[in-house]
Structures are given as structure tokens and as C-alpha cells.
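Have a look at the structure below before the remarks.
The values are calculated or read from the model by the stated rules, or taken from the named source; none is laboratory data. Remember, it's a predicted structure, so these values are computed and weren't measured experimentally. Reconstructed Cβ throughout: ideal geometry from the backbone, glycine too, with neighbour counts over all protein chains shown. Ligands, DNA and RNA are stripped out before the accessible areas are found, and what is left, the full protein with its side chains, is counted by its heavy atoms. Shrake-Rupley method; radii C 1.70, N 1.55, O 1.52, S 1.80 Å.
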Amino acid sequence: MSGVELKSVRKNYGAVEVIKGVDLTVRDREFVVFVGPSGCGKSTLLRMIAGLEEITVGDLLIDGARMNDVSPDARGLAMVFQSYALYPHMTVAGNMGFALMLAGVPKAERDLKVRQAAKILQLEALLDRKPGQLSGGQRQRVAIGRAIVREPKVFLFDEPLSNLDAALRVQMRVELAKLHRDLNATMIYVTHDQVEAMTMADRILVLRAGIVEQVGSPLDLYNKPANTFVAGFIGSPKMNLVGASVSRRDGQTFAFLDGGQRLPIGDVSLKDGAGITLGLRPEALLLSAGGAARGEVSVIEHLGGETLVYVDIGKGQLLTIKTGDQQPARVGDIVPISFDPSRLHLFGPDGQALN
Amino acid sequence: MVKNKRALVIRTVLGWLIAFIMAFPVFWMTLAAFKTEMDAYASPPLLVFTPTLENFAEMNQRVDYVRHAWNSVLVALGSTFLGILIAAPAAYVMAFHPTKRTRSIMLWMLSTKFMPAVGVLVPMYLMLVWLDLLDTRTALITITLLSNLPLVVWMLYSYFKEVPAEILEAGRMDGAGPLKQLRYLLVPLATPGISSTALLCIILSWNESFWCINVTAVDSGTLALAIASFSNPEGYFWAKLSAASLASVAPILIFGWVTQRQLVRGLTFGAVK
Ligand SMILES: Nc1ncnc2c1ncn2[C@@H]1O[C@H](COP(=O)(O)OP(=O)(O)O)[C@@H](O)[C@H]1O
Ligand SMILES: [Mg+2]
């Protein structure tokens, strides 16, 4: 059992509160990703778990034991830093074996463990090199290897892939997911990239300005975003968020879009005239007749496998529509837009989901 | 092009001129050291003369060169070694675990150098009398060490700052406490900076003369004291003074020459990294 529990955890830097009460239970062998825009406090939260930052208020439990005042190395964690933070004056083997050396593990045993980890990460040929003689991807592996050697209860990653180029990032993403399976380890992973979060996580915690916006599985967040922030943050291309107001006529409820059009919506417990936000994912929108709305095609982006059509639905409000069709329309066309009502998200005046 | 060339010539000439002005006293001293006392006083000054070693012989008769040189070595190395031993942990804490007051403490340390040493001569002297430490190497090493300490802390602080904090944090995660971080990470990574700090400290200690002249005598005096004894109320002895000075600065000059690459490398460590 290697669970991590955060109970009403807060962090102040002087008078500034950067983590404003986080509750979370990370289960044994779970891969949890903290995601959020830059500066929202992801690293701070991770570093509090690691023991590199003090917890101002609240409790941290690892395997049920309170860890607030336990030193970083005694918490049974290993951390992979964004900058890798390898020891530049030591060889790859030296880097990976450093913790064991400090712990007084005999050299033979140390070498064995280093070699085992190197094998997992295909670093065997590089053991005698210094970090300066390695490529970015290799350094990344060494940093992970240094964590593996310690056989930690929980792995912590702080944006480990953000210094790699796009191709390598995708490759390492797959490898990390595999590593998680092979090692059967609990992992907490920080990133600002929602694609990384969606692809790797068992559960995602979305953080904004020190507040947890939502916790759930990738598909939970995609299908049932709790608020407009999560709705806009998860999914690519971004969900269309359209401002509207509630209006009822003949026993039916409509949304009057800010652009002037009118869409029927299911009943909501809001007064007439209340401001709401409609959320529609680009992949939920269709360019087909019988639609509830129409607009003028203003830009078309061809990605090959898919095409993004930007449609102006009035007052400059653009809807992004994703389609598999390579020539769905031409710029300047007036097109009908339709969608499956079950894929419509409604958010109240406070930005929270209504349905 | 032409303009550039002229600028280059002017710069070169100017450079040499300044170098000449700065080196001239040393050059003149070197010449005087090998003149007779008569030649040294000749007016106009002599550039061509019959060199002699008699000044050195006489200097050796009057002062115990080897003893003073040994004191100089002990004081320079001792105060430097102890200074770095004390300054390194201080600089580590200031660089990586600063508090609200760290900046003011650093400024305060520097401010101790604003006061002329003579301002505390009497209290220091009395303290040494009470402690029975007058004319001891212990006293001189301690004083030199303390007067260099602010500079050493400042220099080590700026070199330590160059080491990314995440490397030490990785060390913390790996189980290295402050002392092990210093020993296994910080010291190896800041070696160029630490060596140039040590070199500078050795040079400063070697040339320290105020305290040496005031609190030591024959037992623990360094070469600075030996030189001073040649300008005394009996009159100035130009040639002998020069010989003594040359004999005193020669070791440190050679030392500086040999280590200059290391010195420059350390002092520009951050800039060229
Ligand atoms: N040592 C510090 N002192 C003061 N403020 C800090 C410190 N470290 C981080 N912060 C602030 O805390 C907030 C969260 O930072 P961080 O956790 O690094 O964000 P993220 O990793 O999500 O980009 C930021 O606004 C940052 O400016
Ligand atoms: Mg961060």
C-alpha cells in the first residue's frame, strides 16, 4: 500500500496564499496528474508532498502516516525534476547510485541495482558518461533511473517532458505509461499540458490559482466538466463556450446566443434572462442541414486527417467545428450547424455546470 | 577600417602606458634591491650600475628571513583554510536557505570593512594582552581570518549561487543533509570559485601588514614586519628596504603568476559558463 493523502493542505509565501486548501487521496499504484496553467501552484503542491516546501496548514499522509515534519529522503519518495537536476560532476552510474551510496549500501549491491535500472531504461552503454555528454532524452532517462534505483513508494514528476522536443515527448509519454505498469508504482505527475494529462493519467486533478477545480478520470473531465474552466482546459481543440441568456416561450426553454441566434435547450432551473454559457466540443458539432443555427465560414485549417472549420455565428463569435471531411465547405459559405443535444454542456452564471 | 586601426593603436599604446605606470614601482624596487646604498640615492637615478647582492646578505643578518617567511606561509595558509571552512557553510545557507534578514546580514558583514582597522586597534590590542596572545601566530591568524571573512563569504556566496538549487534539492531527496550537500555537491561544483577565493585570500593575508606590525614582533611576525623594520627612526635604507621588499613579495608574485589561470578562470566562472 502506497497511498498519499492530502487533507486541507494550504501554502503561504509570506502573506500570499498560493495553495488554498487541497484535499486529495492518491490510491496505491494510481497515476495521478496535476494539471493547470503555469503559475497555478502545481509545482508547489508537488514539492510539499516531496518535503522540499513546508506545508503551511493541513496534513500530508503517506501510507497513513503523517509526513509533514519528516525529511524528504525519509518519506519514501523519488522526484524527477523539470531541469533533470543531474549531478554534473558524477557519471551516470554515480548519479543513479548516489542515494544508495549515502545510505551506505555496499558497492556490489549498489552496482547491481544501478545496472538493473539502467537495463530497464536502456542506459547500460552510457553508465560511464557524464551528464554533459548526453542528449536531452538520455538525461531524462538518467533522471528517471535515479528515481527507480531508490525503489520509492511514490514517484513524483515535475513537468519531466517539457524540455524535450515534440517527437521525443510523445515517445517518452508512452514509455512512462509503460514504466508505470511495469513498476506497479504510485505516480504523481505535474504538467501544464492537458494532452499529457489525458493520455497518461488514471485520474486528473485540475488546479487553478491554488484551488482544485475538478478531480476525475480523463473521460470524466472530458464528458462532465464541472465548470467552464475545466471545460475550456481539457480537450483539444478547445470546447466552444458561447455566452447566452435563458428565455422561455410556449413552455419551451431557449438560449438566446449573444450573437443573436436562438437554440432550444432542456429545462434549467434559472430565471428568464439569466446569463448562461453553452459548451460544445468541436467534435460534437456537425455541418449538416436541419441544424439549429447557421453561420459564415471564416477560416478553414486542413490537418490532413481532420479539418477545423471556424464559423462566425454573429458578432464575431467563432465556433470551431472538427470534421473528418477534407473539403466540408469553402470560406465565405453560409453553413448550417447541428449537434446532438446530449453533447451540449450548460453552465450557470457562476460558471458551474448545470446538468 | 583605417579608423579602426588607429583606434587599435591608441588603445594598445594606452594599455601599455597604464601597465608601465602600474608596474614601475615594482620595477624600480627590483633595480634598487641590487644597487649599493650610494647608487640607490644617486641623482639623477642610475639605470646602469654594477649589481650587488650585499643588500640581501645584510638583510639576512639583520632579520631572520626564513623565520618570517615561515610565519607568512602559516598565517596565509592557516587563515585561508579556516576562513573557507567557516565561510562555506555560511555561504551555503545564505545562497540556498535565505531568510528575510539574509541580505541585511550580508551588508552588515561588508560594512565591517568600511571602518579603518586603526579604529579598533586599541581594543584589539588590549584584548590580546588579556588573552596573553600578543606576538603569537594564533592571534595573527585569527585577526587575518576575521578581516578576510566578509570577502570570503561574499565570494563563496556568489559562486554557490551559480549552482542550480534543484541539484541540491535532488541531493536532499537522495538523502544528503546540508553537510553532505556541501561535501558531495556544492564543493565539487564550485571548485573553480573556491580555489580563486582561496588564492585571493592567500594573497591578501600574505600582504596584510597593519595588524602584523602592530600586534607581532620577532616571534610571529610575517615578512611584512621584516620589511617595516628597514624603515625606522635610524633613517631610511633605500637599497636594503628594496631588497627586503623584493624578498617578501617574490614568493607571492611567483605564486600569483603560477596560479593566474586558475584565478582568472574562477573570477570569470559565472560569466563564461
Ligand atoms: N519561493 C516562492 N516565493 C514566493 N512565491 C512563490 C515561490 N514559489 C512559487 N511562488 C508563487 O506560487 C505560485 C505557484 O507557483 P508554482 O507552484 O511554481 O506554479 P506552477 O508549477 O503551477 O507553474 C506562483 O504564483 C509563484 O509565483
Ligand atoms: Mg511548475
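Observations on the model:
- Helices (runs of 4 or more DSSP H) completely within the stretch B:116-175 that count 2 or more residues being within 14 Å of chain A (Cβ to nearest Cβ) and within 27 Å of B:Val93 (Cβ to Cβ): B:165-173
- Residue ranges of helices (runs of 4 or more DSSP H) in the stretch B:1-91 with at least 1 members more than 30 Å from B:Leu107 (Cα to Cα), among the hydrophobic types (A, V, I, L, M, F, W, C) and open to solvent by 90 Å² or more (accessible area, probe 1.4 Å): B:2-33, B:37-41
- When B:Ile105, B:Ile21, B:Ile84, B:Ile10 are checked against the criterion of being modelled with pLDDT of 90 or more and within 26 Å of B:Ala244 (Cα to Cα), a single residue qualifies: B:Ile21.
- Selection within the stretch A:135-162 - part of a helix (DSSP H, G or I), away from every other protein chain (no Cβ under 12 Å) and of a type in the set (A, V, I, L, M, F, W, C): A:Ile144, A:Ile148
- Test result for A:Met48, within 12 Å of chain B (Cβ to nearest Cβ) and touching a residue at least 12 places away in the same chain (Cβ under 8 Å): no
- Matching residues in the stretch A:56-75 - criterion: being within 17 Å of A:Leu24 (Cβ to Cβ) and either within 11 Å of chain B (Cβ to nearest Cβ) or part of a helix (DSSP H, G or I) (or both): A:Arg75
- Residues that are more than 8 Å from chain B (Cβ to nearest Cβ), open to solvent by less than 10 Å² (accessible area, probe 1.4 Å) and farther than 20 Å from A:Lys42 by Cα were ranked within the stretch A:76-110; the one that is farthest from ligand 2 (Cβ to nearest atom) is A:Gly97.
- The sole residue among A:Val206, A:Val215, A:Val230, A:Val242 that is open to solvent by 40 Å² or more (accessible area, probe 1.4 Å) and not aromatic (Phe, Trp, Tyr) is A:Val215.
- Of the residues making up the stretch B:117-155, those that are under 14 Å from B:Val75 (Cβ atoms) and not aliphatic (A, V, I, L, M) number 8.
- When A:Ala15 is tested against the conditions (1) more than 15 Å from ligand 2 (Cβ to nearest atom); (2) in contact (Cβ under 8 Å) with a residue 60 or more places away in the chain; (3) not β-branched (Val, Ile, Thr), the lone failure is (2).
- Complete set of residues in the stretch A:21-40 that are within 9 Å of ligand 1 (Cβ to nearest atom) and open to solvent by 10 Å² or more (accessible area, probe 1.4 Å): A:Pro37, A:Ser38, A:Gly39
- Evaluated against (1) away from ligand 2 (no atom under 16 Å from the Cβ); (2) touching a strand residue (DSSP E or B) at 6+ places or on another chain (Cβ under 9 Å); (3) within 13 Å of chain B (Cβ to nearest Cβ); (4) open to solvent by 20 Å² or more (accessible area, probe 1.4 Å), A:Glu53 falls short on exactly one condition, (1).
- Scanning the stretch A:143-176 for residues that are touching a residue at least 24 places away in the same chain (Cβ under 8 Å), among the aliphatic types (A, V, I, L, M) and more than 16 Å from ligand 1 (Cβ to nearest atom) yields A:Ala143, A:Ile144, A:Ala147, A:Ile148, A:Val149, A:Val154, A:Leu164, A:Leu168, A:Met172, A:Leu176.
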